[in-house]
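What follows is a set of notes on a single structure, which appears directly below.
The values are calculated or read from the model by the stated rules, or taken from the named source; none is laboratory data. Remember, predicted model here, so these are calculated numbers, not experimental data. Don't worry about glycine lacking a Cβ; one is built from the backbone with ideal geometry, like all the others, and counts go over all protein chains shown. What goes into the accessible areas is simple: the full protein's heavy atoms, side chains included, and nothing from ligands, DNA or RNA. Shrake-Rupley method; radii C 1.70, N 1.55, O 1.52, S 1.80 Å.
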Amino acid sequence: MTFLAPGYLFVSLAVAAAIVGLHFIVTRQPRSAILPTARFVPDTRATTIAAARRPSDLLLMLLRVLLVLAAGAGLARPILTARRGAEARVILIDVSRSARDSIAIRDSVRAIYRDQDAVVLFDSSARLITEKVGDSLASLRPTTKRGNVSAALIAALRAGSALRDRADSLELVIVSPFAREELDAATDTIRKLWPGKARLVRIVAPAVDTAAAPSSLTISAAADDPLAVTVGLARTTAAASGRIDRSNASSRLSGVASGGPLIGWPEASRPRFAAPRAVRDTVGGVMAGDAVVVSTFDRRWFYPPDSLRGAEVIARWVDGEPAAVERPDGAGCVRSVAIPVTPVGDFVIRHDFVRFVASLSRPCSQITSLIPADPVVVAKLEGKGGLAARSTFQPLTDAHSDLAPWLFALAIAAAIAELFVRRRARGATTLARTGKSSAPDEAQAA
């Protein structure tokens with residue numbers, strides 16, 4: 001048995017000990033007796049007291065102790081745990097768009113999975129499999145979502161806390177192709193929270209066709225379009241590719257045959273997939289990947305929820321609302337941008353906006369999802385040392401205790417019983433005092 005909040009149990013033990021001690025600090029009047037010389041005793045009430053060697057209300061004391069201990073144990077939330085083994089595993093399985101070979105995923109997991117292992121599937125989010133793990137592993141299929149190793153590592157820490165009572169040491173296993181887009185700035189920091197080394201099982205991903213994406217970024221716009229200046233500056237960025245169409249007909253364009261992105265960024269008309277806002281407003285910034293632009297933007301368009309099905313949000317306003325989306329289209333992709341570009345001031349030549357345009361014009365997800373991560377970054381993900389000890393994981397504070405409701409019910413029953421016993425004892429004491437006070441009067445009358 002393990003207590004999720006043992007501090008309450010220790011406090012209840014101390015209170016129970018104090019109750020027992022107070023019950024032994026008892027004084028009472030000695031038993032009265034009729035003396036032959038009672039007529040010489042002054043007609044006053046007897047006030048002599050003597051220390052009691054044992055409490056006379058043992059049942060009341062036991063009920064109070066039971067009440068305190070049951071309530072304390074209920075607050076401590078006891079849970080019954082199985083006997084601990086020597087080792088347990090937390091297996092993170094990549095089912096994102098980067099892991100396209102479902103057969104390789106299933107074969108890799110079957111080779112390492114054992115009963116009682118915690119299995120976490122992740123793409124853009126992570127989810128722990130708690131029931132029918134074998135059936136879930138047999139039906140693994142990659143999704144179209146981007147992988148997020150940071151989210152998977154957070155889920156692994158929670159799974160490790162759940163497994164700490166089953167094994168003395170825990171092993172982290174990550175099954176993934178380890179694409180570059182799956183790792184972010186927080187991955188290394190979160191990985192350090194898991195002590196010890198991780199076992200990396202790499203899934204072989206298809207080779208990246210570097211010739212599939214355009215070599216540079218182009219724009220189809222008017223000669224005086226301010227965005228053309230930004231494109232000229234962003235063209236020197238290695239990640240910038242594809243074509244930006246600023247015409248009002250860009251909402252009807254289809255993907256670029258070469259496999260690069262076609263970016264519909266109309267100057268005045270409604271962007272593709274977007275709808276006009278009922279009330280126009282302003283917002284103070286927008287972000288795409290690691291690029292952030294802080295400025296005042298006039299928002300005229302928004303993307304309805306139906307337009308986001310099957311699409312990926314590639315840019316967001318600072319309040320979290322989508323500002324640009326991407327949809328696959330043949331060998332390439334089509335992107336829709338609902339971000340106004342002001343010609344006033346130096347906005348279009350600012351370094352942060354140039355980086356932002358370069359981020360919006362990166363290759364399509366079909367290509368970026370297959371680019372492997374830097375080996376140095378993957379080596380950090382593997383870590384050093386041995387297996388993680390169970391003591392390094394905090395117990396889950398949101399675990400459910402099946403015994404706590406019964407303990408609270410016992411505490412309530414003990415409280416009700418204590419009330420009745422205390423009233424009965426008080427009535428008996430009153431009768432005893434009445435009898436003692438009348439005894440001298442009877443002796444004096446005799």
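Would region 338-351 turn up any residue that is at pLDDT below 90, open to solvent by 40 Å² or more (accessible area, probe 1.4 Å) and closer than 25 Å to E182 by Cα?
Checked against the condition, which is being at pLDDT below 90, open to solvent by 40 Å² or more (accessible area, probe 1.4 Å) and closer than 25 Å to E182 by Cα, region 338-351 yields no hits at all.
Just to be sure, is V133 open to solvent by less than 50 Å² (accessible area, probe 1.4 Å), β-branched (V, I, T) and at pLDDT below 85?
Criteria met by V133.
Just wondering, is there one or more residues in region 269-291 that are outside any strand (DSSP E or B), over 20 Å from V334 (Cβ atoms) and in contact (Cβ under 8 Å) with a residue 60 or more places away in the chain?
There is at least one residue in region 269-291 that is outside any strand (DSSP E or B), over 20 Å from V334 (Cβ atoms) and in contact (Cβ under 8 Å) with a residue 60 or more places away in the chain.
Starting from region 186-207, keep only residues that are within 20 Å of S391 (Cβ to Cβ) and open to solvent by 60 Å² or more (accessible area, probe 1.4 Å), then list their pairs with residues that are charged (D, E, K, R) and modelled with pLDDT under 90 whose Cβ atoms are within a distance under 6 Å, requiring at least 6 positions of separation or different chains.
K197/K384
Given R127, R89, which one is surrounded by fewer than 17 Cβ atoms within 10 Å (Cβ to Cβ), in contact with a Leu (Cβ under 9 Å, 6 or more places away or on another chain), more than 30 Å from A417 (Cβ to Cβ) and among the basic types (K, R)?
Just one listed residue meets the conditions, R127.
List pairs: first residue in region 163-177 and under 12 Å from P195 (Cβ atoms) and modelled with pLDDT of 90 or more, second residue of a type in the set (K, R) and part of a helix (DSSP H, G or I) anywhere in the structure, Cβ distance under 6 angstrom, at least six positions apart or on different chains.
Close Cβ pairs satisfying both conditions: none exist.
Suppose we filter region 197-226 for residues that are at pLDDT 65 or above and of a type in the set (S, T, N, Q); how many remain?
The total comes to 3.
What number of residues within region 353-373 are of a type in the set (A, V, I, L, M, F, W, C) and over 20 Å from P343 (Cα atoms)?
The total comes to 5.
How many residues does region 86-103 contain that are farther than 15 Å from R166 by Cβ and modelled with pLDDT of 85 or more?
8
What are the pairs, 6+ residues apart or on separate chains, where a residue within region 123-149 that is closer than 21 Å to P177 by Cβ has its Cβ under 8 Å from a residue that is part of a helix (DSSP H, G or I) and open to solvent by 50 Å² or more (accessible area, probe 1.4 Å)?
As it stands, the answer is A126/I154; L137/R110, since those pairs meet every condition given.
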